[in-house]
Amino acid sequence: MTPLLDVRNLELGLRHGAQAHRILKGVSFQIMPGETYGLVGESGSGKSVTSLAIIGLLKKPLQILGGEIFFEGRNLLALPRRKMRSLRGSRIAMVFQEPMSALNPLQTVGRQIAEMYVQHQGKSWAQAQKMAVEALASVRVPTPERRVHDYPHQMSGGLRQRVMIAMALACDPALLIADEPTTALDVTVQAEVLKLIRELCAARGTAVLFISHDLGVIATMCQRVGVMYAGCLVEENATRELFVDPRHEYTRGLLGALPKLGSRGLHGRQRLVDIDSFIADRSRLTDTRFIAPRTPVSGEAGS
Amino acid sequence: MKLGFNLILGGVLTGLVILAGLLAPWLAHFDPVLDADLMNAELPPDATYWFGTDAQGRDVYSRMLYGAQISLTVGIVSQIINTLIGVALGMSAAYWGGWWDDIVNGLTNVMLAIPSLIFALAVMAVLGPGLVSLLIALGLTNWSWTCRIARSSTLSLKSLGYVQAAQTLGYSDTRIMFTQILPNIMGPVLVMATLGMGSAVLSEAALSFLGLGIQPPFPSWGSMLTDARQMIQIAPWTAIFPGMAIFLAVLGFNLLGDGLRDMLDPHMRTRKL
Amino acid sequence: MLRFTIRRILQIIPTIVVVALLIFVIFSVVPGSFASSLFSDGKTAADPQLMARLNEQLGLDKPVHQRFLTYVGDLAQLDLGTSFRTRRPVLELINERIWASLQLAVAAMIFAVVVAVPLGFLAALRPGSILDTVTMVGAVSGLSMPQFWLGLLLMYVFALQLNWLPSFGYGDGSLRNLILPAITLGVTPLALLARTTRAGVLDVLNGDFVRTAHAKGLSEAQVVRRHVARNALVLIITTVGLLFGSLIGQAVVIEKLFAWPGIGSLLVDSVAMRDIPVVQGTILVIVVWFLVINTAVDVIYALVDPRIKQE
């Protein structure tokens, strides 16, 4: 089985003349069709720029310095801009962190969803508007036929993120990139939105690249996880394996810093532990070689 | 545009105007008022009269140097008055809030509703022409934006908590305003004052041009242009050079203000005008 | 929408009242009187008897509070008083002049918008380009230029030297007479508008929803047309409104320079003659103009931006 997405040795960063400042230092990972792959790491570790590089939305002065991104067998980095654009939204879609600012405040959500059908399926605006109602219904927005006429500011954060998801999944993409999709939401809403993403993508066979700093969320969503630290993918494993047996020092630190159920400190309150108390020497972290899973992933076993 | 291209050019231009004003008695070739000589009227620029002579045979170059004194005085003094009023009202309104805030806000809105040049014109009409009236007119009519900025900056400072901390320590209101708030809102206020100097110089020129500002024979750039208007066809240099002086001086203040803003807050660069 | 509009209109009334009061206060402390400016030639003292009679005729012999009541009473009936100089109703004088002023202001604003908005837009789409640099240098220069000086130079070149356009006056009201004053008056708003447009568009371009639009697979042109333009428009409309209101303030100088028969030159002439009712009336009309335009802007703003109506 060939991977849907194959990121090979991706390097990106800033270039000052001949000098290059690398932010991603050679990241490689693969996502199988229909698989949900998690990228976890602290802020600034390079998760978000990786996702922007895949969908081709890196902003200057950031640029690709090396590597390849194969998607459905084609190297995205070598694709002409026009080709890349037609993939965006139709084959690769993205849901962003902040659903308020990610939606155009001056357009109804219906029109913003309809734009996907007009753009990629050549529908008329009238047809597309009808399809937008169905799209809203599919993300379980109540009274979708009324809600299509709403502006983003008239909706709650959870509803807005549902709109974003409806928009992203409108054209049945093969890969959905979700960049911290629930971080900005209330905890109570988070679970519903996560469930929605999980169920919709499972039903349609959409692969997901799920980015989060929250190991708990990653654990509920992903089959495999890559741990990023300072622009490197330091460890990758099946989610269960990673949680049971972390091998990279940073991953151990990350897991150790998770609050544990039932462990109580003084005065019945749990002491939160700083990640650095688990890691002996941060400067040595990036020297450690990338740790691949001990047992190959099921799909790769035969190859 | 690296760090402060605006700032440097603005500083240089402003510096030149200040030097011209300060050194006018030494740099000038003739007396700006007394050395009128009808035999030498309307001479084009030459070695003696660098920028030519006007209708009364006075040296345009010398008059321009003295004109710098007037423009600078007007720009600086009127902005000091504006800044004092604006900061006092804006800061106290935000600090105390309540009815005082309502009054200041209402007043600011009224001031903003009257175009400042019209307001200055009305005040000049009451006070009569002259330098002192100009200073008062321009000083009293342009504080609304400073007030708004001082008010909003103070409000955002208040929400930060260290003002409350000072209050719980029992500091007096005035002490808090002067030691905790004022130093922190000086940046944007300074930017407004610098930009305001530019517009004050322009307003002075406009009012003098309308015959309400500096009266002849005293040399203000605006009044020089009024005279030049009558004889633009025969002696265009009498219009070109004083206008150029206004342009460069105001450009200097504007660039300085922009540069200061960029330096103090790089994020503001795209925000304000 | 209608309720919103009505509320906005009601909100400007107190401002107008305060301004009217302010104007009255300022001019009731005026030291030189109309009579003295009329009869004094600056060398000999004016005949006191003559002045007293004139003051009586004009109602200036009454105490201030009584004059104020009369003033307010008249204002309430939209009566701006009678000119000292021409003895004609102020409203009539203003009515004769305001159309020329409107004409000039509208022409100047059209000129500014047509040039500034596209320039600001293009500059923002290609920041750091030559066009951007030239536009921004041009804008700061335009802001720093004394308008009447620019007008004087334009007059010198295009009217006196090249003889292409009339140098001053309203003429028969043809476009040719309008061109030079309108361009002169339009330069400052042009510069400000170009800067605001650029800043506004840059701001919108940095918005997350523009990234979303790109992620949808839209082309650059589609993103700008469908998502950037309207959002930037909100800021542009506000600026245009503010500038349009303040235009009439600056127009005073330009009308004087080009001998344009608008309310600006009426104001300047009346100030010189100390014709206080006309001065008061003109300033009041200018303020009302300014407020009406701002209200109109608020309403248009609410039409463009669905977030406003909700409040």
Checklist entry - If you count the DSSP beta bridges with both ends in the protein assembly as shown, what percent of them are antiparallel, to the nearest 5? => result 55
Item to check | Shape call, the range B:137-237: gyration tensor on alpha carbons, a/c limit 1.5 | outcome: prolate
Checklist entry - Hey, if you put +1 on the Cβ of every Lys and Arg and -1 on every Asp and Glu Cβ in the range C:91-304, which of C:LEU160, C:PRO277, C:GLY217 ends up farthest toward the positive end of that dipole? => result C:GLY217
Checklist entry - Counting only protein heavy atoms, what percent of the accessible surface of the range A:164-217 is carbon or sulfur at a 1.4 Å probe? => result 51
Checklist entry - Using Cα atoms only, what is the angle between the long axis of helix B:60-96 and the major principal axis of chain B, expressed in degrees (0 to 90) to the nearest 10? => result 10
Item to check | Tilt relative to chain C, helix C:2-28 - C-alpha long axis, 0 to 90 degrees, to 10 | outcome: 40
Next on the checklist: Using only the alpha-carbon atoms, what does the protein assembly as shown span along each of its principal axes? Please give whole angstrom values in decreasing order.
Outcome noted: 115, 66, 65
Checklist entry - Top to bottom by accessible area (1.4 Å), largest first, where do B:LYS158, A:LYS83, A:LYS60 land? => result A:LYS60, A:LYS83, B:LYS158
Item to check | Over chain B, relative contact order from alpha-carbon pairs under 8 Å, at least 6 apart, % | outcome: 28
Checklist entry - Does any residue of the range B:244-259 lose at least 20 Å² of accessible area with all protein chains in place compared with its chain alone, and if so which ones (probe 1.4 Å)? => result B:PHE247, B:LEU251, B:ASN254, B:ASP258
Checklist entry - Helix B:221-230 versus the longest principal axis of chain B: what angle, 0 to 90°, nearest 10, using Cα atoms? => result 40
Item to check | Cα centroid separation, the range C:222-239 to the range C:290-308 (Å) | outcome: 15
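Please say if chain C is rounded, prolate or oblate, where rounded means a/c under 1.5 for a ≥ b ≥ c the square roots of the C-alpha gyration tensor eigenvalues, and otherwise the choice is prolate for a/b larger than b/c and oblate otherwise?
oblate
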Next on the checklist: As a test question: what accessible area, to the nearest 10 Å², does A:HIS16 have when a 1.4 Å probe is rolled over all protein chains in place?
Outcome noted: 130
Next on the checklist: Whole-Hz ³J(HN,Hα) for each residue in the range A:56-71, computed from phi via Karplus 6.51 cos²θ - 1.76 cosθ + 1.60 with θ = phi - 60°, x for glycine and proline: what do you get?
Outcome noted: x, 10, 4, 9, 4, x, 5, 8, 6, 9, x, x, 9, 10, 8, 10
Checklist entry - Interface C/A, total buried accessible area with a 1.4 Å probe, nearest 100 Å²? => result 2300
Next on the checklist: Which residues, if any, in the range A:78-104 lose at least 30 square angstrom of accessible heavy-atom surface (probe 1.4 Å) when the other protein chains sit next to their chain rather than the chain being alone?
Outcome noted: A:ARG85, A:ARG88, A:PHE96, A:SER101, A:ALA102, A:ASN104
Next on the checklist: Please list 3J(HN,Hα) in residue order for the range B:193-207, calculated via the Karplus relation 6.51 cos²θ - 1.76 cosθ + 1.60 where θ = phi - 60°; whole Hz, with x for glycine and proline.
Outcome noted: 5, 5, 5, x, 4, x, 6, 5, 4, 5, 5, 4, 4, 5, 5
Checklist outcome for this item: Of every hundred units of 1.4 Å-probe accessible area on chain C, the number belonging to carbon and sulfur atoms, as a percent, is 66
Checklist entry - Tell me, which residues of the range B:221-236 get at least 10 Å² less accessible area when the other protein chains come in, versus the chain alone (1.4 Å probe)? => result B:LEU225, B:ARG229, B:ILE232, B:GLN233, B:PRO236
Item to check | Within the accessible area of the range B:46-170 (1.4 Å probe), percent carbon and sulfur | outcome: 69
Item to check | Pairs beyond 19 Å (Cα-Cα), from A:LYS25/A:LYS83; A:LYS25/A:LYS47; A:LYS59/C:LYS216; A:LYS130/A:LYS195 | outcome: A:LYS25/A:LYS83; A:LYS130/A:LYS195
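What number, rounded to the nearest 500 deg cm²/dmol, is the helix-based mean residue ellipticity at 222 nm of chain C, given -39500 (n - 2.57) per DSSP H run of at least four residues and division by all its residues?
After summing the helix terms and dividing by the residues of chain C, the value is -25000 deg cm²/dmol.
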Checklist entry - Chains B and C: what accessible area do they bury, summed, in square angstrom to the nearest 100, with a 1.4 Å probe? => result 3900
Checklist outcome for this item: Among trypsin sites (Lys or Arg not before Pro) in the range C:84-133, those in a DSSP loop whose Cβ has at most 13 other Cβ atoms within 10 Å are C:ARG87
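Find the relative contact order for the range C:75-223 and round it to a whole percent, using C-alpha pairs within less than 8 Å whose residues are 6+ positions apart.
30 percent.
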Checklist outcome for this item: Note to self: C-alpha centroids of the range C:128-191 and the range B:88-155 sit apart, in Å, by 31
Next on the checklist: With a 1.4 Å probe and all protein chains left in place, how much accessible area per residue does the protein assembly as shown have, in Å²?
Outcome noted: 45
Checklist entry - How about the range A:91-146: which trypsin sites (Lys or Arg not before Pro) there lie in a loop by DSSP and see at most 11 other Cβ atoms within 10 Å? => result none
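The values are calculated or read from the model by the stated rules, or taken from the named source; none is laboratory data. Computed from a predicted structure; not experimentally measured. Note: ideal-geometry Cβ built from the backbone for every residue, glycine included; neighbour counts use all protein chains shown. Just so you know, the surface numbers come from the protein's heavy atoms only, side chains and all, with ligands and any DNA or RNA stripped out. Shrake-Rupley method; radii C 1.70, N 1.55, O 1.52, S 1.80 Å.
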